[in-house]
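This report refers to the structure that appears directly beneath it.
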Amino acid sequence: MNELNHLAIIMDGNGRWAKNRGFLRNVGHQNGANVVEDIAKFCINESIKNLTLYTFSTENWNRPKSEVEFLISLFKKFLKTKESIFLENEIKFQTIGDILAFDDELVNLMLNLKEKTKDFTKLTLALAVNYGFKDELVRACNKLISEQKQINEENINSALDTASMGDVDLLIRTGGEHRLSNFLLWQSSYAELFFTDTLWPDFTVCELEKIVKKYKNITRKFGGL
Ligand code: IPE
Ligand code: IPE
Ligand code: MG
């Protein structure tokens, strides 16, 4: 049975979920945000230590201003109203991506929750916000250059935003597309990839459980025999 240390999810399909019901896209984002709690609790029950959720990509700034603004207000609401879930379940809050692109209120909400939860060890939940792998790699290389460190695998691993979480074991994308959209490309070098047509707001612990079961029985070879 494979260990599952790092689960990463591309939460896609919110807009289509809303459109299918005749709602505005934002309603899909709202319903999508509600799925996160159940998934995090599942991870705790399964002893999955790291969960990374693709929440807002470096390319998502290209969406209409009104949608970007809605998403930012939804992050704020999430951080304010879900704080108790982190505290009660001993979940460490993390982010990957360059958060300084956001306004001060959002940055402070993120930093506050990080500070309050920094000693928790049950689960690290990392939201990928203003995240793109290409940007992460450039920042990591610049960091190494400024510290006069060699560019090698070990140093890159420790300069990436995911340094404390390790490589991705299982990567799931909901919403039916078969692409990685600039998400954790280095960290997923040997990840097992699962794509489901389920739109993110409809994704359930039951479906996740089935995927994890399949994942555990795959022969992972890492280039060996
Ligand atoms: C994913 O859902 C959430 C974000 C990218 C913020 P989408 O908004 O991409 O939903 P679809 O793919 O348009 O249905
Ligand atoms: C990927 O979804 C980003 C997030 C889920 C946050 P997108 O909907 O932005 O990806 P593309 O544009 O279909 O590749
Ligand atoms: Mg999408």
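The values are calculated or read from the model by the stated rules, or taken from the named source; none is laboratory data. Note that the structure is predicted; figures quoted are calculated from it, not measured. Counting neighbours? That spans all protein chains shown, and the Cβs are built from the backbone with ideal geometry, glycine included. All accessible areas refer to the heavy atoms of the entire protein, side chains included, with ligands and DNA or RNA removed. Shrake-Rupley method; radii C 1.70, N 1.55, O 1.52, S 1.80 Å.
Here's the picture: charge each Lys and Arg Cβ at +1 and each Asp and Glu Cβ at -1 in the chain, and of Asn5, Leu193, Thr81 the one pushed furthest to the positive end of that dipole is Leu193.
With a Förster radius of 30 Å applied to the beta-carbon distance between Ile218 and Glu88, the computed FRET efficiency rounds to 0.35.
The length gained on full extension between His178 and Lys118, counted as 0.36 nm times the residue separation minus their Cα-Cα distance, comes to 18.2 nm. Here's the list of lysines a cross-link from Lys118 could span, going by alpha-carbon distance under 21 Å and ignoring same-chain residues fewer than 8 apart: Lys41, Lys49, Lys76, Lys77, Lys80, Lys82, Lys92. For Met11, the amide hydrogen comes within under 5 Å of the amide hydrogens of Tyr54, counting only partners 5 or more places away or on other chains and with H modelled in the peptide plane. Put simply, the chain fits an ellipsoid with semi-axes of 25, 23, 18 Å; these come from the alpha carbon gyration tensor as the roots of five times its eigenvalues, largest first. According to the square roots a ≥ b ≥ c of the eigenvalues of the Cα gyration tensor, what is the shape class of the stretch 53-123, taking rounded for a/c under 1.5, prolate for a/b larger than b/c otherwise, and oblate for the remainder? Judged from the Cα gyration tensor, the stretch 53-123 comes out prolate (a/c at least 1.5, a/b above b/c). Label separation (Leu225 vs Leu24): 6.2 nm, computed from points 7 Å beyond Cα along the C-beta direction.
Only protein atoms count toward the accessible area here, which uses a 1.4 Å probe; on the chain, the carbon and sulfur part of that area reaches 49 percent. Among the listed pairs Lys114/Lys221; Lys116/Lys143; Lys122/Lys216, those with a Cα-Cα distance over 29 Å are Lys114/Lys221. The charge dipole of the stretch 139-225, taken about the Cα centre with unit charges on the Cβ atoms of Lys, Arg (+1) and Asp, Glu (-1), comes to about 180 debye, rounded to the nearest 20.
For the chain, relative contact order (Cα pairs under 8 Å, six or more residues apart, normalised by length) works out to 30 percent. Each Lys or Arg adds one and each Asp or Glu subtracts one; over the other residues with Cβ under 13 Å from the Cβ of Arg25, this totals +1. Each label point was placed 7 Å from the Cα along the Cα-to-Cβ direction; for Asn157 and Asp103 their separation is 4.1 nm. Average accessible surface for the stretch 82-183: 50 Å² per residue, computed with a 1.4 Å probe over protein heavy atoms with every protein chain in place.
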